[in-house]
Amino acid sequence: MHKFHGSLVALITPFKDGKVDEKALEKMIEWHIAQGTNAIVPTGTTGESPTLSEKEHARVVELTVQIVNHRIPVMAGAGSNNTIEAIHYSQEAEKVGADGLLHVAGYYNKPSQRGLYEHFKAVNDNTGLPIFIYNIPGRAVVNLLPETVAELAKLPHIAGIKDATGDLARPWIERSLIKREDFTWLSGEDGTQVSYNVAGGSGCISVTANIAPAAVAKVQRLCAEGKWEEARTAQDELMPLHQLMFKEPSPAPVKYAASLLGLCAEDARLPIVPVSEPLRAAIKAQLQKLGLIE
């Protein structure tokens, strides 16, 4: 089985009084381990990495690794559109004992496919950790084409991909080009997690897992066992919650939901603003329907 598989939580970064809430972070991580989450992914998009200072970014990764203490893998978000910064974050994560790295494509710069390849190759050449490339054209503007992914897969530290393209033909195409059995395909969208696994995926880096870790882990476990009809039924139950998590800019919805669970405050950093009253009501009702709160 792939080291990174199943339900990998795209962990929110809790804030209190404008600072990282380290006590809440520890509480959440312990809860995830108890609930069956298979890996922790801090300092990604859902972790509000764009608004973390360099010091905060390093501290969240370091603290996550310390709290987890080898019980499950930690894939540290280390991506940047600045290749030098991406290498720096990667090396810092490696120093503190992270198990892998998540690297987004070059947002805003809008590099060519050659530029994307050279960016990831530079990271590959400067770290010994497994690297997961993150393809999310909706946020990064650029799109890692299957042929580029296949070329990257020839590099020794490129271990897999987080796919948030929403294109369910992509894993089929990429698998036809990449012949490595150890290459890992992970969905980057909760709504496609079952379909993506049918196409050869082995897990999901999940936003919803922040608030329903056991339920998301169950979906992934059923997929791994080949119980596709049961996985579909479990996913059907979660789909309304998946959709609510992106009704307004993330991670505001999932942070509000986490606050209802008593995990942390709902605080997010600007330019992300608190969720609207109608969405608050809808999230609360769905959590109650799923039995996650009373």
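What's the number of the condition residue 46 fails, among (1) part of a loop (DSSP other than H, G, I, E, B); (2) in contact with a Lys or Arg (Cβ under 7 Å, 6 or more places away or on another chain); (3) surrounded by 19 or more Cβ atoms within 10 Å (Cβ to Cβ)?
(2)
From the set of residues in the range 265-294 that are among the aliphatic types (A, V, I, L, M) and part of a helix (DSSP H, G or I), which is surrounded by the most Cβ atoms within 10 Å (Cβ to Cβ)?
By that ranking, first place goes to 283.
Determine whether the range 5-27 contains at least one residue that is aliphatic (A, V, I, L, M), in a helix (DSSP H, G or I) and farther than 23 Å from residue 140 by Cα.
So far as the range 5-27 goes, yes, one or more of its residues are aliphatic (A, V, I, L, M), in a helix (DSSP H, G or I) and farther than 23 Å from residue 140 by Cα.
How about the range 169-208: which of its residues are in contact (Cβ under 8 Å) with a residue 40 or more places away in the chain, of a type in the set (Gly, Ala, Ser) and surrounded by fewer than 24 Cβ atoms within 10 Å (Cβ to Cβ)?
The answer is 191, 202.
What single numbered condition from (1) aliphatic (A, V, I, L, M); (2) surrounded by 18 or more Cβ atoms within 10 Å (Cβ to Cβ); (3) on the phi > 0 side of the Ramachandran plot fails to hold for residue 141?
The one condition residue 141 does not meet is (2).
Report, by residue number, each residue of the range 1-38 that is more than 16 Å from the chain's Cα centre (by Cα) and among the basic types (Lys, Arg).
The answer is 16, 19, 23, 27.
Would a scan of the range 29-40 turn up a residue that is in a loop (DSSP other than H, G, I, E, B), of a type in the set (Phe, Trp, Tyr), in contact (Cβ under 8 Å) with a residue 12 or more places away in the chain and closer than 19 Å to residue 213 by Cβ?
Looking through the range 29-40, none of the residues is in a loop (DSSP other than H, G, I, E, B), of a type in the set (Phe, Trp, Tyr), in contact (Cβ under 8 Å) with a residue 12 or more places away in the chain and closer than 19 Å to residue 213 by Cβ.
Which residue pairs have Cβ atoms under 8 Å apart, sit 6 or more places apart or on different chains, and have a first residue in the range 223-248 that is closer than 14 Å to residue 213 by Cα and a second that is basic (Lys, Arg) and assigned to a helix (DSSP H, G or I)?
234/218
Are there strands (runs of 3 or more DSSP E) fully within the range 117-206 with at least 3 residues that are closer than 30 Å to residue 229 by Cβ? List them.
It comes to 158-163, 184-187, 203-206.
Would you check if there is a residue in the range 70-79 being of a type in the set (Gly, Ala, Ser) and surrounded by fewer than 24 Cβ atoms within 10 Å (Cβ to Cβ)?
no
Among the residues of the range 145-168, what is the count of those that are without any contact (Cβ under 8 Å) to a residue 24 or more places away in the chain and under 30 Å from residue 243 (Cβ atoms)?
Looking only at that region, the number is 1.
If you go through the range 14-22 one residue at a time, do you hit one that is out of contact with any Phe, Trp or Tyr (no Cβ under 8 Å at 6 or more places or on another chain), buried (at least 24 other Cβ atoms within 10 Å of the Cβ) and either modelled with pLDDT under 95 or more than 18 Å from residue 129 (Cα to Cα) (or both)?
Yes, the conditions are met somewhere in the range 14-22.
I need a count of the residues in the range 53-97 that are outside any loop (DSSP other than H, G, I, E, B), under 18 Å from residue 26 (Cβ atoms) and not acidic (Asp, Glu).
14
The values are calculated or read from the model by the stated rules, or taken from the named source; none is laboratory data. As the structure is a prediction and not an experimental result, all values here were calculated from the model. Methodologically, a virtual Cβ is constructed for each residue, glycine included, from the backbone with ideal geometry; neighbour enumeration extends over all protein chains shown.
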